[in-house]
1. What are the ³J(HN,Hα) couplings of region 33-45, residue after residue, when phi is run through the Karplus curve with 6.51, -1.76, 1.60 and θ = phi - 60°? Round to Hz, x for glycine and proline.
2. Using only DSSP helix segments of four residues or longer, with each worth -39500 (n - 2.57), what per-residue ellipticity at 222 nm results for the chain after dividing by its residue count and rounding to 500?
3. Using a Förster distance of 41 Å, how high is the FRET efficiency between Thr230 and Glu180, based on the Cβ-Cβ distance and rounded to 0.05?
4. Return the whole-Å distance between the Cα centroid of region 228-242 and the Cα centroid of region 4-64.
5. Using only alpha carbon pairs under 8 Å that are at least six residues apart, calculate the relative contact order of the chain and give it in whole percent.
6. If R₀ is 22 angstrom, what is the calculated FRET efficiency for the pair Gln69 and His173, using the beta carbon separation as r and rounding to 0.05?
7. Assuming a ≥ b ≥ c are the square roots of the Cα gyration tensor eigenvalues, decide whether region 6-146 counts as rounded (a/c under 1.5), prolate (otherwise, with a/b larger than b/c) or oblate.
8. Using a probe of 1.4 angstrom, how much of the accessible area of region 110-211 is carbon and sulfur, in percent?
Amino acid sequence: MSYRASKYIDFDTGTVKIAPMDLKKTLAASLNDDQKLDLFECRVDVWTLGVAVALLNEIDNGKKGSIWQHAAYGLLTISFTYFEMIGKTLNPNSATSGTASEDFNVGFCDVYPKFQPANGCHRPKLPVPPGSPQGTGALVNNDANYLEVCEYRDRIRNGLYHLGYTKSGLWIHNDSGCTEDFEKKTETDPANAALTIEKYRVNPHRLIRTIVDHFPGFIHRIKTTPALKTKFLQFFDQFLTA
């Protein structure tokens, strides 16, 4: 199945049409708002999504015994930067520090709406309603969807970035009969039939196609939604000006 079209790369062949550094050379030293968005789109399509697609192709086409059959960790490491990155724009509460987990959750749930918390909160504690008595503490966020997203963030993102290895309870697979990028399954514990274990499963082969398809819609929303464009420009100026 062919990938979507891009101004900057042919995902199917891996041919780069316009490299980010070459695009930047054509722009003025002081970028206007639209140029900032174009440069960002080019960087993500070429340097993140393009690399992820190329890596996935090597995995799919690798010969038995090839290192490419063991490259799924590398694929997840690259692709999992996507959620926090877009969350920096989508999360109105995003800040230069202290909001990484919330940013990730917001971005992840934008790509996978089925995981959106019913209470709309992506933080570990629910906000205290205005006018609450002084000293009123926030309630722990026990929304089932919120907690499941936190498990994927911790077992994959935190495991890979902090430990160099996914945390226990995470299964990387490419089961042909699976129709979900992420799914949680409860199964009998093979070590003790009287107990059950929870498996948090991720299919990076499906995941890559999902985020490649998601990105153009994200760019379109920035262009057509003033509040998102303002937040994106703040994100770009704070982090991406180099």
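1. 4, 5, 5, 4, 5, 4, 5, 4, 4, 5, 4, 5, 4
2. Numbers: 9 runs with 102 residues, N = 242.
When only DSSP H runs of four or more count, the value is -13000 deg cm²/dmol.
3. Working: r = 34 Å, r/R0 = 0.84.
With a Förster radius of 41 Å, E is 0.75.
4. Taking the Cα centre of each part, region 228-242 and region 4-64 sit 19 Å apart.
5. 16
6. Working: r = 13 Å, r/R0 = 0.60.
Calculated transfer efficiency: 0.95.
7. Working: a/c = 3.46, a/b = 1.55, b/c = 2.23.
It is oblate, given that a/c is not under 1.5 and a/b is not larger than b/c.
8. Working: 3020 of 5910 Å².
Here it works out to 51 percent.
The values are calculated or read from the model by the stated rules, or taken from the named source; none is laboratory data. Predicted, not measured: the structure shown is a model, and the values here were computed from it. Glycine also receives a Cβ, built like all others from the backbone with ideal geometry; neighbour counts cover every protein chain displayed. Calculation scope for accessible area: heavy atoms of the full protein, side chains included, ligands and nucleic acids excluded. Shrake-Rupley method; radii C 1.70, N 1.55, O 1.52, S 1.80 Å.
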